[in-house]
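Comments concern the structure below.
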Amino acid sequence: MYRRGGVFTGEGVIPYTGEGSTVTAGSAVCTQIGCAYTGNEAVAYAAKQCNVDVVAAYPITPQTIIVERFSDYVANGEVDTKFMYVESEHSAMSACVGASLAGARVFTSTASQGLALMHEVMYLASGLRTPIVMGVVNRALSAPINIHGDHSDMMGSRDCGWIQLFAENAQEAYDLTIQAFKIAEDPAVQLPVAVNLDGYTVSHATENMKSLTDEDVARFLPPRKPIFKVDPSTPISVGGMALPEYYYEIKRQQEEALRQSRHVVKRVGKEYGDLTGRRYGFMEAYAMEDAQAAVISLGSTCGTVRSVAKRLRAKGKKVGAIKLWMYRPFPAEELISAIKGLKALAVMDRAISFGAPYGALCSDISSSLQNTEVKLKVLNMIYGLGGRDIPPATVERVYRDVLQAARTGKVEERVMFLDVRE
Amino acid sequence: MVAPKDLPLQELYAPGHRLCAGCGPSISVRMALKAARGPTVVVNSTGCVEVSTTIFPYTAWRIPWVHALFENTPAVASGLEYAYEALEKRGARKGKVDIIALGGDGGTFDIGIQALSGMLERGHDIVYICYDNEAYMNTGIQRSGATPRGAATTTSPAGKVIPGKRGGKKDLAAICAGHGIKYTATASIGFFTDYIDKVRKAIEVDGPAVVHVLAPCPLGWRSSPADTIKLAKMAVQTGIFPIYEVVDGKYRMSLKPGKLLPVEEYFKLQGRFSHLLRPEFKEELEEINREIEGNYRRILGLAGEQVA
Amino acid sequence: MKLGWREMPIAGVMFQPGSSAEYKTGDWRIEKKPLIDQERCIRCMICWLICPDVAIERVQKPYKNYQESLKEDYYHCKGCGICAAECPVDAIEMVEESRVVP
């Protein structure tokens, strides 16, 4: 069905070799084009290849390159997409909801304050079951104003009913964006998907990656078939008022769709892997089989964590690492089965949940452990706020702490704030 | 203008909705749909009309209808318009769709004005209708940017020292026309054939068009439900709500200028203005009278007409 | 019958256009209801157009020289009285709710 890899197409096709951090299984069966993109460019290019009907977006650092690149595609006639230059992120998401309800394939992207401004509309997008895909270039929230990467923005919107995927690098940002449309538009899902990439670290760093041909993307992702649409051919009323006797049932159904979407995320991740050799799913486990201590994180930090874990493994330390691709719906069961053999786990949170016992990821993991037989020590590390670098030396300290907890069975501090000046 | 008897029999708006007896906005919606040209979609912002016409599982709409939020109706409508265009280009659908965006005065004058401005600036082919009942009636009669000076609401009560709302009503038509759109109109459900005619003109314009229609609220105005049409008429006749069109930037009065009815006649039918007829607020009433006349003259001037 | 969450229409979408017509609002009337005098009525259709509740029907039933008659829809009429107030020939009277009408 798909063309074999390694065919020269004049654009420097690189035969797939199975290298790269994201590869977990299989080998490529389609043509892959070697290219160098920043995370933002990769997302814009993926959205272009997904042949979106409508884009409505508003510029915000560090997401701007996505809208700029897409504007180039529109200006050069490379896409049929209608690009709406809205007057705010609130209107961006609102226009996406309208366009998606009409049956269109819709894309937008934002960051930080923009995401916060969309907050209200994000609930609407999921509540009205609109399969919008959004690239979120994670950035700190004001005040003080800061344009650099952390996860405060998305963590503030984590319970809006969206599927949330996190990319480690440009390749993953590209791959996850293509998968996101297929997941979102699946008849059983019909929910919006956010593809998160770290501001600057991923969004602005140029990396070698491999892209698919337009034809392969089109075969992987056929045109959207809406299960209902706002169109004169179907005079339906959407977004009406549901009083206490109906509201709860409608929301319960929505929650079930989000919970069940994990099967689709898994299936699409496998399908994408069969096609490209880069298989996705809920998480990537590194050296977890016999690990006694591990670190779990989201986004670009996972690369640093994995490389430190590799070094420690070489020294004979029984450490592992987990990268979560899918944060919502939270893959509690699968995660527990991945960590159940551990003695201690360090959870990296790149955002503060103000006043909460832990950061958001750690809260999710801790509560998932409730009522299970799994007994392990959990350490929570807050790190990297406002773009504070997370160097390997810091991760080494995290492993030192988590190994110590594994050894002693004791956790000294419930939450640690890494690399903050005293 | 089409006489009522010659309007389409088809009711795109069904009975059984839960708006109050004598509701002006309900009348404004029904009349607007009598002007429909063909396949039409309505996007409705949060407000009385929205909540009362679609209480699950009963909808009063016989055409596709969307409610999103309070302040984003123009943006949602813009999204629909682009989607229809994009899908048509791809051969995924066919045929023109008229889009009517509908919002109350709170959703238009205040919280939604940014989204409206964006929609007008981008030039979407959408008709925006603001049904103006001059306060946030859905939440229980709070003052809005459309509440006229002196009107008592729950957040601009007529107290011992402050006689109702301070400041006047925004000039929505001028704000909209200021975007350089082809068609803006003010209208009143009291002059129904004129209003329906304006909605039809707005639909026929290629690009954005705005119709700002006065639609009395018996509950909030503290008036008799039977007086809804009468008050809508008197608001025009007293000059407090002049009706006119702005076509390609040119103002045109919809009624021949004549002698204005005393505004007291209009006020005395409404509880929200009753305090202004008390002796202690005589000066306020005089000031309001001056403002009404000044504004009326200003609009006449823009239309190149003289006061009779 | 009230549906369980599995059977609920997705996103609370209402797929049946104009279903509100099933809902009775006629019992909102407190004192009076409109009564149209077909004899007096000139079929200007103003009452039909201005009714906020779509509660005056145009019936294709000839009456003397007219092709149409107007009929009160008491299932939906909320009794606001706008029709009676605006009728140019006073052909609509608000009568006691208890009055038996044909």
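The numbers here are math on the coordinates, done by the rules we state, and not lab data. The structure displayed is predicted, hence computed values, not measured ones. Cβ placement follows ideal geometry from the backbone for every residue including glycine, while neighbour counts extend to all protein chains displayed.
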Only one of B:Gly167, B:Gly159 is surrounded by fewer than 16 Cβ atoms within 10 Å (Cβ to Cβ), free of Cβ contacts under 8 Å to residues at least 12 places away in the same chain and within 23 Å of B:Leu277 (Cβ to Cβ), namely B:Gly159
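Say whether the condition of being farther than 25 Å from A:Gly277 by Cα and in contact with a helix residue (DSSP H, G or I) (Cβ under 6 Å, 6 or more places away or on another chain) is met by at least one residue in segment A:162-174. Give the steps one after another, and end with the answer.
Just the residues of segment A:162-174 that are farther than 25 Å from A:Gly277 by Cα, to begin with: A:162.
The next check asks that each one be in contact with a helix residue (DSSP H, G or I) (Cβ under 6 Å, 6 or more places away or on another chain); those that pass are A:162.
Yes: one or more hits.
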Would you please name the residue that is nearest to the other protein chains (Cβ to nearest Cβ), looking only at residues in segment B:170-204 that are aromatic (Phe, Trp, Tyr) and either out of contact with any strand residue (DSSP E or B) (no Cβ under 8 Å at 6 or more places or on another chain) or not in a strand (DSSP E or B) (or both)?
B:Phe192
Considering only segment B:25-50, how many residues are buried (at least 18 other Cβ atoms within 10 Å of the Cβ) and at the interface with another protein chain (Cβ under 8 Å from one of its Cβ atoms)?
9
So, in segment A:228-266, exactly how many residues are at the interface with another protein chain (Cβ under 7 Å from one of its Cβ atoms), loosely packed, with under 13 Cβ neighbours inside 10 Å and under 26 Å from A:Lys182 (Cα atoms)?
0
Checking C:Gln38 against (1) surrounded by 13 or more Cβ atoms within 10 Å (Cβ to Cβ); (2) not in a loop (DSSP other than H, G, I, E, B), only one condition comes out false. Which one?
(2)
Kindly indicate whether any position in segment B:75-82 is crowded, with 22+ Cβ neighbours inside 10 Å, part of a loop (DSSP other than H, G, I, E, B) and aliphatic (A, V, I, L, M).
no
Is segment A:211-220 home to any residue that is part of a helix (DSSP H, G or I), surrounded by fewer than 24 Cβ atoms within 10 Å (Cβ to Cβ), more than 13 Å from the chain's Cα centre (by Cα) and of a type in the set (A, V, I, L, M)?
yes
Looking at A:Phe83, is it of a type outside the set (Ser, Thr, Tyr), within 12 Å of B:Tyr82 (Cβ to Cβ), within 14 Å of another protein chain (Cβ to nearest Cβ) and in contact (Cβ under 8 Å) with a residue 12 or more places away in the chain?
yes
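Looking at segment B:205-239, which of the residues that are part of a loop (DSSP other than H, G, I, E, B) and surrounded by fewer than 24 Cβ atoms within 10 Å (Cβ to Cβ) is nearest to the other protein chains (Cβ to nearest Cβ)?
Once the filter is applied, the top-ranked residue is B:Ser224.
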Yes or no: segment B:6-24 includes at least one residue that is within 14 Å of chain A (Cβ to nearest Cβ), more than 19 Å from B:Cys130 (Cβ to Cβ), touching a Gly at 6+ places or on another chain (Cβ under 8 Å) and of a type outside the set (D, E, K, R).
yes
Only one of (1) free of Cβ contacts under 8 Å to residues at least 12 places away in the same chain; (2) surrounded by fewer than 24 Cβ atoms within 10 Å (Cβ to Cβ) fails for B:Leu19. Which number is that?
(1)
All but one of (1) in contact (Cβ under 8 Å) with a residue 40 or more places away in the chain; (2) crowded, with 20+ Cβ neighbours inside 10 Å; (3) among the aliphatic types (A, V, I, L, M) hold for C:Leu70; which doesn't?
(1)
